[in-house]
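S.K.: Submitted below is the structure of interest, expressed as structure tokens.
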Amino acid sequence: MKKIITAAVLSAVLALNVFSDGLSSKKIAYGMGVETDSENRPLGAIQAQAQYGDQGALFIGEPENKRLWLTFDEGYENGCTSRILDILQAKNVKAVFFVTYDYAEKNPDLIRRMIDEGHTVGNHTYSHPSLPECTDSEIYDELSKLHDYISDNFGYEMYVMRPPKGEFSEKVLAVAKDLGYTTVLWSFAYQDWLTDNQPDEKFAFDKITSKTHNGAVYLLHAVSETNTKILPDVIDYWKTSGYIITPM
């Protein structure tokens, strides 16, 4: 992974408009849609991967690989993450946890567990803004400030990032890529984050498993009690179906 560039280097780059030259700052509010191909792969994710993959973005993996990635967004703690980590450890599965500064600062023991147990800690920005609405230097600050905090406090160098709310632009991808980051979106997500309106467990299990596909990037929210309860069965389903849940 390329190292994070220094503030001095970034200032020089920004002065030369390297990030801005020919790049669009138009906000793209990503969603993979519901249409799928004959292999159950979301067409929206396939199209986005074809369009933005060479700009350092990952929406969906290769169609021939029967593997998937399990990722969790961590905006705040709802008492589920330690149980999720217990499940992952028992099932010998590695996941990706995208965290903000506020989450990391308030939950250092959980961050330490993620790292020590071999999971990937991803950059979900310092303050969770809409990155396309930020200037180049603000995008840099949002990524580099959290990167430095995790590095300084946990000795861990992050290398994947997820833009808040799935909002990005060509400029956001360019800044992230220049900082050494892969921008990770998803090929599956569902409404699981409303803590006072959690989905039924059978509905959630069926929803998640019925959308399984090669190269899947699953986005789940770790605040979900439902996700936590069904996670062991979901992992078992994937494994018995021949899928490999791979580290990122």
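S.K.: Inside the range 93-128, can you point out the residues that are touching a strand residue (DSSP E or B) at 6+ places or on another chain (Cβ under 9 Å) and either more than 15 Å from TRP69 (Cβ to Cβ) or assigned to a helix (DSSP H, G or I) (or both)?
M.R.: Looking only at the range 93-128, we keep the residues that are touching a strand residue (DSSP E or B) at 6+ places or on another chain (Cβ under 9 Å), and these are 93-100, 103-104, 107, 110-111, 114-115, 119-125.
Within the range 93-128, VAL99, THR100, TYR103, ALA104, ASN107, LEU110, ILE111, MET114, ILE115, ASN123, HIS124, THR125 qualify.
S.K.: Continuing with this model, one more query. Any residue at all in the range 195-212 that is touching a Lys or Arg at 6+ places or on another chain (Cβ under 9 Å) and closer than 20 Å to LEU58 by Cβ?
M.R.: No.
S.K.: For the range 32-61, which positions are more than 17 Å from the chain's Cα centre (by Cα) and not in a helix (DSSP H, G or I)?
M.R.: Hits for the range 32-61 are GLY33, VAL34, GLU35, THR36, ASP37, SER38, GLU39, ASN40, ARG41, PRO42.
S.K.: Right, next: Does the range 79-86 include one or more residues that are closer than 20 Å to TYR190 by Cα, within 18 Å of the chain's Cα centre (by Cα) and of a type in the set (S, T, N, Q)?
M.R.: Within the range 79-86 (the criterion being closer than 20 Å to TYR190 by Cα, within 18 Å of the chain's Cα centre (by Cα) and of a type in the set (S, T, N, Q)), the answer is yes, since at least one residue qualifies.
S.K.: Checking TYR237 against (1) over 21 Å from ASN40 (Cβ atoms); (2) of a type outside the set (Asp, Glu); (3) out of contact with any strand residue (DSSP E or B) (no Cβ under 8 Å at 6 or more places or on another chain); (4) not in a loop (DSSP other than H, G, I, E, B), which single condition isn't satisfied?
M.R.: Status for TYR237: all satisfied but (1).
S.K.: Here is a list of conditions, (1) of a type outside the set (A, V, I, L, M, F, W, C); (2) part of a helix (DSSP H, G or I); (3) under 30 Å from HIS213 (Cβ atoms), and GLY180 meets all of them except one; can you say which number that is?
M.R.: If we test GLY180 against (1) of a type outside the set (A, V, I, L, M, F, W, C); (2) part of a helix (DSSP H, G or I); (3) under 30 Å from HIS213 (Cβ atoms), just (2) comes out false.
S.K.: Cβ-Cβ under 8 Å, sequence separation 6+ or interchain: first residue in the range 73-102 and within 18 Å of THR183 (Cα to Cα) and in contact (Cβ under 8 Å) with a residue 24 or more places away in the chain, partner among the basic types (Lys, Arg) and in a loop (DSSP other than H, G, I, E, B). Which pairs?
M.R.: Correct list of pairs: ASP73/ARG162; PHE98/ARG162.
S.K.: Can you name the residue in the range 129-164 that is assigned to a helix (DSSP H, G or I) and free of Cβ contacts under 8 Å to residues at least 12 places away in the same chain and, of all such residues, is farthest from LYS177 (Cα to Cα)? It would help to see each step written out before you state the result.
M.R.: Within the range 129-164, the subset assigned to a helix (DSSP H, G or I) is 131-133, 136-154, 164.
Retained after the next criterion (residues that are free of Cβ contacts under 8 Å to residues at least 12 places away in the same chain): 138, 151-152.
Numbers: GLU138: 15, SER151: 18, ASP152: 22 Å.
Once the filter is applied, the top-ranked residue is ASP152.
Yes/no per residue for (1) under 21 Å from HIS119 (Cβ atoms); (2) surrounded by 14 or more Cβ atoms within 10 Å (Cβ to Cβ); (3) hydroxyl-bearing (Ser, Thr, Tyr):
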position	(1), (2), (3)
ASP206	no, no, no
SER210	no, no, yes
ASN214	no, yes, no
VAL217	yes, yes, no
SER224	yes, yes, yes
ASN227	yes, yes, no
ILE235	yes, yes, no
THR240	no, no, yes
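S.K.: Mind listing whichever residues of the range 183-194 are polar (S, T, N, Q) and either in a helix (DSSP H, G or I) or under 16 Å from LEU68 (Cα atoms) (or both)?
M.R.: SER187
S.K.: I'd like the full set of residues that are assigned to a helix (DSSP H, G or I) and either modelled with pLDDT under 95 or touching a Lys or Arg at 6+ places or on another chain (Cβ under 9 Å) (or both), limited to the range 213-228.
M.R.: Going through the range 213-228, the residues assigned to a helix (DSSP H, G or I) turn out to be 225-228.
THR228 - this is the single residue of the range 213-228 that is assigned to a helix (DSSP H, G or I) and either modelled with pLDDT under 95 or touching a Lys or Arg at 6+ places or on another chain (Cβ under 9 Å) (or both).
S.K.: If you don't mind, another one. Go over the candidates LYS177, LYS229, LYS211 one by one and state the one that is closer than 30 Å to SER25 by Cβ, among the charged types (D, E, K, R) and touching a residue at least 24 places away in the same chain (Cβ under 8 Å). Steps first, answer last, please.
M.R.: On the way: LYS229 fails: closer than 30 Å to SER25 by Cβ; LYS211 fails: closer than 30 Å to SER25 by Cβ.
So the residue among LYS177, LYS229, LYS211 that is closer than 30 Å to SER25 by Cβ, among the charged types (D, E, K, R) and touching a residue at least 24 places away in the same chain (Cβ under 8 Å) is LYS177.
S.K.: Something else now. Can you tell me which residue in the range 118-144 is surrounded by the fewest Cβ atoms within 10 Å (Cβ to Cβ), limited to those that are within 18 Å of the chain's Cα centre (by Cα) and over 16 Å from GLY75 (Cβ atoms)? Even if it seems obvious, please write down each step before you answer.
M.R.: Step one: filter the range 118-144 for residues within 18 Å of the chain's Cα centre (by Cα), giving 118-132, 139-140, 142-144.
Those still in the list that are over 16 Å from GLY75 (Cβ atoms) too: 118-120, 132, 139-140, 143-144.
Numbers: GLY118: 13, HIS119: 23, THR120: 20, PRO132: 19, ILE139: 26, TYR140: 23, LEU143: 25, SER144: 21.
Among residues in the range 118-144 that are within 18 Å of the chain's Cα centre (by Cα) and over 16 Å from GLY75 (Cβ atoms), the one surrounded by the fewest Cβ atoms within 10 Å (Cβ to Cβ) is GLY118.
S.K.: When residues of the range 21-51 are filtered for being more than 18 Å from PHE188 (Cβ to Cβ) and either of a type in the set (Val, Ile, Thr) or in contact with a helix residue (DSSP H, G or I) (Cβ under 8 Å, 6 or more places away or on another chain) (or both), how many remain?
M.R.: Looking only at that region, the number is 6.
The values are calculated or read from the model by the stated rules, or taken from the named source; none is laboratory data. If you're wondering where the values come from, they're calculated on a predicted model, not measured in any experiment. Note that we place each Cβ from the backbone using ideal geometry, even for glycine, and neighbour counts take in every protein chain shown.
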